[in-house]
Amino acid sequence: MGAGTFERFETKYLLNKEQKEAVYEAMKPYMRDDKFGNSTIRNIYFDRPDFRLIRDSLEKPVYKEKLRLRSYKQVADGDKVFIELKKKLKKIVYKRRIEASEADAMNYLCKRKELKEQSQISKEIDYFLDFYGDIKPKVFLSYDRCAYYDKYDSDFRMTFDSNILWREQDLSLTAGIYGKPLLDDSEALLEIKSAGAVPLWLTKVLSENRVYKVSFSKYGMAFNNIISENRRLFNRKLLVGNEEEVRERMVYGYV
């Protein structure tokens, strides 16, 4: 079972088609394809029934954390996936992840069946699960990613995410790609991940093309869409006749 620890700054930028093309052209002399290259990333985000984790995160606290299961392709029997615990303290992102089969990972996260191999990272995830209690799969998020790293500094990475889709059902990495979009077809989310300063060439191209930092959480935006959709359903009385579901949504505060 593989393990990994990451510590870095992350900044995000929302690009239109022309801005994306300008950044791509400027980066050619400096960046090369990441080992995952072009891939469609699949994530299952775990949370409490009341979405406590993402609600807390959207309040922009000094410290926040999230748990997800990730793969870089549609998973078949026996394929490995990544269990990721992502923490953010002030502006620094810390990511812990371990590798396990999809079946073992889901049994561990959903049924608390012990993983075959233990590590310091698995103990951190154990603590997370014990602390928050009723953690369940809540949202499936997928996106097409082009990933690159600096030719001379492997700690500096750039990723471009497009076709970002979310859904609340069929929460499995073995399932196909479908869902509701978070961005327009012409938009892309640029994430810059580094241990230090951003290169001057990148600062220049972002400035020249009026590309500015944004606060953008894919899971957070999906959650806001869930709230909006639930409110519309509630207001249109489409939930009438299912009093238990209406009451649950009202208690959790997302109608």
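The values are calculated or read from the model by the stated rules, or taken from the named source; none is laboratory data. Predicted model only: the values in this text are computed from it and were never measured. Methodologically, a virtual Cβ is constructed for each residue, glycine included, from the backbone with ideal geometry; neighbour enumeration extends over all protein chains shown. For accessibility, only protein heavy atoms count, side chains too; no ligands or nucleic acids. Shrake-Rupley method; radii C 1.70, N 1.55, O 1.52, S 1.80 Å.
Take the alpha-carbon positions of the range 106-210, form their convex hull, and give its projected area averaged over all directions (one quarter of the hull surface) in nm². Don't skip to the answer; put the middle values down first.
On the way: hull surface 40.8 nm².
Mean shadow area of the hull around the Cα atoms is 10.2 nm².
Run the reach check for K35 against aspartates and glutamates, Cα to Cα strictly under 20 Å, same-chain hits fewer than 8 apart removed. What comes back?
E7, E10, D79, E84, E99, D144, D150, D153, D155, D161, E191
Within a Cβ distance under 14 Å of K180, other residues only, what is the Lys/Arg minus Asp/Glu net charge?
-2
Can you list the lysines whose alpha carbon is less than 24 Å from that of K123, not counting same-chain residues fewer than 8 positions off?
Cα-Cα hits under 24 Å: K64, K66, K80, K86, K87, K88, K90, K95, K111, K113, K136, K138.
From the helices alone, meaning DSSP H stretches of at least four residues, give me the mean residue ellipticity at 222 nm for the chain, per-run term -39500 (n - 2.57), in deg cm²/dmol to the nearest 500.
Result for the chain, helices only: -9500 deg cm²/dmol.
For D153, D161, D79, give the ranking by accessible area with the largest first, probe 1.4 Å.
If we order D153, D161, D79 from most to least accessible, we get D153, D79, D161.
I'd like the accessible area for M31, computed on protein heavy atoms only with a 1.4 Å probe and all protein chains in place. Round to 10 Å², please.
Roughly 10 Å² of M31 is accessible to a 1.4 Å probe.
Sorted by mean Cβ packing within 10 Å, highest first, what order do the peptides 135-144, 51-60 take? Don't jump to the answer; show the numbers that get you there.
Values: 135-144: 20.1, 51-60: 16.5.
Ranking, from highest mean packing down: 135-144, 51-60.
Taking amide H positions as placed in the peptide plane 1.01 Å from N, state which residues far from D34 in sequence (5 or more) or on other chains have amide H under 5 Å from it.
Distant-sequence amide H within range of D34: A147, Y148, Y149.
Using θ = phi - 60° and the Karplus relation 6.51 cos²θ - 1.76 cosθ + 1.60, list the HN-Hα couplings for the range 59-67 in order, rounded to whole Hz, with x at every Gly or Pro.
7, 6, x, 5, 10, 8, 8, 8, 10
Would the chain count as rounded, prolate or oblate if I go by the C-alpha gyration tensor, calling it rounded below 1.5 in a/c and otherwise prolate when a/b exceeds b/c, oblate otherwise?
Oblate is the answer for the chain, as a/c is 1.5 or above yet b/c matches or exceeds a/b.
Using the Karplus equation 6.51 cos²θ - 1.76 cosθ + 1.60 (θ = phi - 60°), what ³J(HN,Hα) coupling, rounded to whole Hz, does each residue of the range 159-164 give in order, writing x for Gly and Pro?
After applying 6.51 cos²θ - 1.76 cosθ + 1.60, I find 10, 10, 10, 9, 6, 7 Hz.
As I understand it, the value is the acute angle between the Cα axis of helix 102-111 and the longest principal axis of the Cα atoms of the chain; what does it come to in degrees, rounded to 10?
With rounding to tens, the tilt is 50 degrees.
How much area per residue is accessible in the range 102-160 when the probe is 1.4 Å and only protein heavy atoms are counted (Å²)?
Ligands and nucleic acids excluded, the figure is 51 Å² per residue.
Taking a quarter of the surface of the convex hull around the Cα atoms of the range 51-96, what do you get in nm²?
4.1 nm²
Within the accessible area of the chain, what % is carbon and sulfur when the probe is 1.4 Å and the other protein chains stay in place?
That fraction is 47 percent.
Please list, ordered by chain and number, the residues whose modelled amide H lies under 5 Å from the amide H of V93; skip anything fewer than 5 residues away on the same chain.
R8, F9, E10
Using Cα atoms only, what is the angle between the long axis of helix 120-132 and the major principal axis of the chain, expressed in degrees (0 to 90) to the nearest 10?
Between the helix axis and the principal axis of the chain, the angle is about 40 degrees.
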